[in-house]
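Below: one structure, written as C-alpha cells.
The values are calculated or read from the model by the stated rules, or taken from the named source; none is laboratory data. Please read these numbers as outputs of a predicted model, since none were measured by experiment. Cβ atoms come from the backbone with ideal geometry, glycine included; neighbour counts cover every protein chain shown. Only protein heavy atoms, including side chains, enter the accessible area calculation; ligands, DNA and RNA are left aside. Shrake-Rupley method; radii C 1.70, N 1.55, O 1.52, S 1.80 Å.
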Amino acid sequence: MTAIIMKILITGCNGQLGRELRAQIEREFPGITTYTDREELDLTDAKAVELFLERNEFTHIVNCAAYTAVDDAENDPANCNRINADAVMNIASVASRLGVKVLHISTDYVFDGTSCRPYRESDKVNPISNYGTSKRKGEMILLSMCPDALIIRTAWLYSPHGKNFVKTMLQLGKERNEIKVVNDQIGTPTSATDLATAIITMLKSRQWVSGIFHFSNEGVCSWYDFAKAIHRLAHIQKCKIVPVTTDDYPTAARRPHYSVLDKSLIKRTFGIEIPHWEESLQKCIERLADNQ
C-alpha cells in the first residue's frame with residue numbers, strides 16, 4: 001500500500017494523539033490528510049458522518065476521538081457512551097459500505113487489572129468503569145461492522161499537549177511542597193509521539209493486518225514511580241512525593257491495579273521498535289522546557 005493511493009481522515013485532531021499525528025503525518029503524507037474535531041465533524045451525528053465520508057472519499061480513517069474523562073464518565077455514562085460507542089458505530093456503518101479502512105484507538109481499561117502478567121490481545125476483557133465499558137462497546141461494534149478494522153489499545157497516554165499526568169506533576173511540583181501519588185496501580189506510560197510514529201508505520205506498511213494490537217512504551221512502573229521520574233528528569237527537588245494506596249486516594253471510577261500491555265504482536269507484525277518509557281519521558285520534558 002503506497003501513499004499515492006491513500007486519502008486519510010484523522011478524527012479527534014486536537015487531542016494529544018491527534019496533534020502528535022498531525023505533526024508527523026504531514027512529513028510522511030503531505031497534503032493527503034484531513035483533520036477534524038468536534039467543531040468540524042460531530043461524530044455522534046450519523047447523518048453528518050455519512051455525508052462527510054461520502055463527499056470526501058477517504059481510503060483510511062484514524063479515529064482518535066474519545067471521551068477520556070474517566071471519573072466524569074461515572075456520572076455521565078450517556079455522553080461517554082455516545083462518543084466512545086455510538087460515534088464508532090456511525091463511522092463503522094459508512095466505512096463498511098464505502099470500503100474505508102478504519103484504525104481505532106482503544107484502552108487498557110477494557111481489562112479489570114487482576115492479571116499477574118502483561119495483557120495479550122487475546123486475554124479476557126472485563127472493564128470495571130463506565131469509561132472502560134464504553135470503549136469495549138466501541139471495539140465490539142467496530143469489529144462486528146468492519147471485520148478488517150485495526151484497533152490499538154494503549155495506556156497512560158501523555159504528550160506536551162492538553163491535560164495529562166506529566167504536565168500535572170510538573171505544575172504541582174512547582175506549586176506544592178508535597179503531593180500524594182498512588183503506588184499500587186501498575187502499568188506503562190505511553191508517549192503520544194511514539195504512538196503516532198507507530199500508527200504512521202502501520203499506515204505506510206504494504207500490508208493491512210486487521211484485529212487488535214497493544215501499544216505502550218517499554219518497561220513497567222507505578223504512578224508513584226512515574227511521578228518520581230518526572231520530577232527527577234525535570235530537576236524538581238523541593239516537592240516531596242508521598243506514596244499512597246488506591247484506598248487512600250479514592251476516585252469516582254475504579255482503575256485496573258495492573259494494566260501492563262504485551263506488545264509482542266505489534267512489534268512482530270509491523271517491525272515496530274518501542275522505546276523505554278523513561279527515554280520517551282525525557283524527550284517530552286525537554287520539549288516542554290523548550291516551549292516555555
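Numbers at a glance
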read-out	value
Three-way shape call for the range 169-292 based on the alpha-carbon gyration tensor, with the a/c threshold at 1.5	oblate
Residues Arg120 and Asp148, FRET efficiency given R0 of 25 Å [Cβ-Cβ distance, rounded to 0.05]	0.75
Overall form of the chain per C-alpha gyration tensor (a/c, 1.5; a/b vs b/c)	prolate
Cα lying deepest toward the dipole's positive end in the range 93-181, options Asn130, Pro147, Thr114, charges on Cβ	Asn130
Spatially proximal lysines relative to Lys240 (Cα-Cα < 16 Å; intrachain offsets below 8 disregarded)	Lys174, Lys180, Lys228
Within the chain, helix-based [θ] at 222 nm, where runs of 4 or more DSSP H residues each add -39,500 (n - 2.57), nearest 500	-12000 deg cm²/dmol
Computed accessible area, Ile266, all protein chains, 1.4 angstrom probe, square angstrom	0 Å²
Pairwise label distance in nanometres, Arg55 with Asn75, each label 7 Å out on the Cα-Cβ vector	3.7 nm
Exposure rank, largest accessible area first [Lys204, Lys238; 1.4 Å]	Lys238, Lys204
Distance between modelled label sites at Ala46 and Asn177, nm, 7 Å Cα→Cβ extension	5.9 nm
Lysines whose Cα lies under 20 Å from that of Lys137, excluding same-chain neighbours fewer than 8 positions away	Lys101, Lys124
Magnitude of the charge dipole, the chain, Cβ model with Lys/Arg +1 and Asp/Glu -1, debye to 20	420 debye
Proximal charge balance of Arg176 [Cβ under 11 Å; K/R count +1, D/E count -1]	+2
Proximal aspartates and glutamates to Lys283, defined as alpha-carbon separation beneath 18 angstrom and excluding residues fewer than eight positions away on the same chain	Glu20, Asp194, Glu218, Asp225, Glu273
Prolate/oblate/rounded label for the range 1-78 (Cα gyration tensor, a/c 1.5)	oblate
DSSP beta bridge pairing in the chain, given as percent antiparallel to the nearest 5	5 percent
Solvent-accessible area of Ser264 with every protein chain in place, 1.4 Å probe, in Å² to the nearest 10	60 Å²
